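Trainee: Take a look at the following structure, please.
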Amino acid sequence: MPGFLPFSRAPLMMDTVACLLLIIVPLLSWSLVRAKVRRDWAGHKRIQLGLSVVLVIVQTLFEVEVRTHDWRLEARSSPYYDTWLFPLLWVHVAVAATTALVWTGTLWTALRRFPRPPRPGRFSVVHRRLGWTAASCMYLTAVTGWAFFWMAFIAAS
């Protein structure tokens, strides 16, 4: 199914994910500020759970589209198609897979180890390190994803 961005050749879910990352990255940052600066751990938890649910749903829909629609047809006209596009795609996939694993592990352990309502405890130091790693991975996923999106679906010969 064709996408909705007028400047893009991308299919619908590629456009959707590219736009969604423009929302997820600031929300992730806001969540980190809520925890670190404002000490609003319940707000941080709500945002993280919400982001996780949205990411799982969108990623599932994205994977279905990628498996049923050959996005390479729209990307062929990119000047990067035979050069940097596929190496960047593999970097992005590796980073995104790592992000999914680290984020899931961070969320899972936090849900199991923090009290309700959430507050600092013995697990906080480990959670902080895992959280910053997950956030850094998500930022890198967004950067590599946007770079791939631009190279595949916006750049013109």
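Throughout, read-outs are computed from the coordinates displayed, never taken from laboratory work. The structure presented is a predicted model; accordingly, all values stated were derived computationally and were not measured. Backbone-built Cβ (ideal geometry, glycine too); neighbour counts: all protein chains shown.
Trainee: What residue, of 133, 83, 98, is out of contact with any Asp or Glu (no Cβ under 9 Å at 6 or more places or on another chain), surrounded by 15 or more Cβ atoms within 10 Å (Cβ to Cβ) and more than 17 Å from residue 44 (Cβ to Cβ)?
Mentor: None of the others qualify; the one that does is 98.
Trainee: Condition first: small (Gly, Ala, Ser) and surrounded by 13 or more Cβ atoms within 10 Å (Cβ to Cβ). Now tell me which residues in the range 103-130 satisfy that.
Mentor: 105, 110, 124
Trainee: Within the range 84-143, restricting attention to residues that are in contact with a Ser or Thr (Cβ under 7 Å, 6 or more places away or on another chain) and β-branched (Val, Ile, Thr), which residue is nearest to residue 18 (Cα to Cα)?
Mentor: Ranking the candidates gives 141 first.
Trainee: Can you tell me which of 76, 72, 38, 67 is under 25 Å from residue 107 (Cα atoms) and not polar (S, T, N, Q)?
Mentor: Checking each option against the conditions leaves just 38.
Trainee: With a cut-off of at least 2 residues that are in contact (Cβ under 8 Å) with a residue 24 or more places away in the chain and within 17 Å of the chain's Cα centre (by Cα), name the helices (runs of 4 or more DSSP H) lying wholly within the range 1-91.
Mentor: Result: 12-36, 41-68.
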